[in-house]
Amino acid sequence: MAIIKPSIGEDQLFKQEEIHTSGRVKIKEKPLYFRVKRLTDIAGSLIGLVLLFPVYLIIGLLIKLDDPKGKIIFKQVRVGKNGRLFYIYKFRSMVSNAEQLLNKLLDKNDTTGAMFKMKHDPRVTRIGHFIRKTSLDELPQLVNVLKGDMSLVGPRPPLPKEVKNYTNYDKQRLLVVPGCTGLWQVSGRSNVGFKKMVELDIDYIEHRCVSLDLKIILKTFTLLKGSKDAY
């Protein structure tokens, strides 16, 4: 699986000062925690990529059997720390023209705020339903973690069009490196509205530590058997 570093990586959606002055969150200086977190991200992503390689092959094969014309890996622009844009990688769980079909489904949004979630999204493929339910579609994000675009734990990276509708309060989600999992995922995921998700992310940013990260990671593993809140 060839991964090409996107040219958008140095772009900024917002000026850094705008984000840092947009709300009440203060980033505490925790040099030891940040070093441990990065080392954990590197070790965890490397181990995961090696151990899960057979799973990658199986999922890739099933995606191709389900939709031979589509790609296995779905690449999408997301907003990271301080508004930096990057490509996020996921196993494709939707039909090939899913982005083009989105505008026809916007009135069927099952969540609130600057986010789109649809419980019975007709764009999701047969294998897509399974890998979404078990969060296996997000396994390629271990590459994002290894590159430093993401962390194992942190706020989920939003789409640029979502961020354009953010209030100054909402922009505080962009103060830290986004994560593969976080408080939102282990607290109800798709059943949690946008406002509550932002509150959970800010709570994590203010109280993050090694023990909280480990607690979230362990709870995430329990959801891999299939969460009723994932869609």
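The values are calculated or read from the model by the stated rules, or taken from the named source; none is laboratory data. Predicted, not measured: the structure shown is a model, and the values here were computed from it. Note: ideal-geometry Cβ built from the backbone for every residue, glycine included; neighbour counts use all protein chains shown. To get the accessible areas, we keep the full protein, side chains included, count just its heavy atoms, and leave off ligands, DNA and RNA. Shrake-Rupley method; radii C 1.70, N 1.55, O 1.52, S 1.80 Å.
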Practice task
For region 132-183, give the percent of accessible area contributed by carbon and sulfur heavy atoms, probe 1.4 Å, rounded to a whole number.
Solution key: 58 percent
Handout entry: Per residue accessible area in Å² of region 28-70, where ligands, DNA and RNA are left out and the probe is 1.4 Å
Key = 70 Å²
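Put Leu174, Leu218 in order of accessible area, largest first, 1.4 Å probe: what do you get?
So the residues, ranked largest to smallest area, are Leu218, Leu174.
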Exercise for the section: Show the residues, 5+ positions off or on another chain, whose built amide H is closer than 5 Å to the amide H of Phe74. Expected result: Lys90, Phe91, Arg92
Problem - Subset of Lys26/Lys196; Lys75/Lys133; Lys30/Lys71; Lys28/Lys133 violating a 31 Å alpha-carbon distance limit - result: Lys30/Lys71; Lys28/Lys133
Problem - Cut-off under 5 Å, modelled amide H: who pairs with Thr125 long-range - result: Met94, Val95
Exercise for the section: Arrange the residues Val50, Val210 by how much accessible surface each exposes, largest first, with a 1.4 angstrom probe. Expected result: Val50, Val210
Handout entry: Neighbourhood net charge (14 Å Cβ-Cβ; Lys/Arg +1, Asp/Glu -1) for Phe91
Key = +4
Completion exercise
Inverse of <1/r> over all distinct C-alpha pairs of region 38-80, i.e. the Kirkwood Rh in Å, gives 12.4 Å
Handout entry: Amide hydrogen neighbours beyond the local backbone of Val176, cut-off 5 Å, H modeled
Key = Asn82
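Given 0.36 nm per residue, what is the gain on full extension from Tyr33 to Lys69 after removing their alpha carbon distance, in nm? Intermediate values should be presented prior to the final figure.
Details: separation 36, 0.36 × 36 = 12.96 nm, distance 4.47 nm.
In short, 8.5 nm is gained.
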